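Below is one structure, written out as structure tokens, with a few remarks after it.
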Amino acid sequence: MSRRIVVSAAAAVVVFGGAGVFALAYAGDQSPAPAHSTARYTAPTADRDGSLAFTTDVTASSDVRSVKVLAWPANSSFATKGLTAKDMAGAESAVCKPSDGNSQRCTYKVAVTRADAEGSPKGLWHVAVLVTARDGDTTLEAKAADFTVA
């Protein structure tokens with residue numbers, strides 16, 4: 001084999017090997033990320049409560065410490081001023097269970113009474129999710145999912 005081919009092959013190994021190490025290091029330091037979020041709203045009826053169910057898949061390289069969920073009407077002050085992590089401090093927690101690798105499936109469900117529904121604005125609502133990883137890194141997705149209150 002010629003010396004030029006050996007040198008080229010060695011250079012390729014160094015370049016691609018370095019890229020692989022960088023990719024692994026980058027993947028290990030990613031912020032927590034919610035994905036595939038869904039919300040399902042069921043209105044209450046005369047004889048039973050309704051519900052709001054929210055589900056998201058969360059990936060965090062250092063594992064998930066908490067997932068907070070907040071439903072908010074699209075025509076609220078959050079629409080103009082923006083939602084912050086501080087606004088999420090009093091939000092309720094989702095329940096998370098391992099799904100695969102560094103991912104967890106997180107669910108939140110709450111009953112909606114007739115009084116709740118009658119006192120809530122009609123129209124489009126958003127579900128915000130604040131994910132906190134074990135290392136303290138956080139991600140806020142203000143519009144992770146939507147639903148409509150009729």
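Structure notes:
- The range 141-150 - phi-based ³J(HN,Hα) in whole Hz, Karplus 6.51/-1.76/1.60, Gly and Pro as x: 10, 6, 10, 5, 7, 10, 8, 10, 9, 8
- Long-range amide H partners of ASP63 with built H, under 5 Å: ARG134
- Linear extension gain, ARG105 paired with LYS143, 0.36 nm per residue minus alpha-carbon span: 11.9 nm
- Each of LEU140, LEU124 has its accessible area taken with a 1.4 Å probe; listed largest first, they run LEU124, LEU140.
- Taking all protein chains as shown and a probe of 1.4 angstrom, GLU92 keeps an accessible surface of around 100 Å².
- Over the range 78-148, the reciprocal of the mean inverse Cα-Cα separation, the Kirkwood hydrodynamic radius, stands at 14.3 Å.
The values are calculated or read from the model by the stated rules, or taken from the named source; none is laboratory data. For clarity, every value in this text was computed on a predicted model and none was experimentally measured. Side chains included, ligands, DNA and RNA excluded: accessible areas come from the protein's heavy atoms. Shrake-Rupley method; radii C 1.70, N 1.55, O 1.52, S 1.80 Å.
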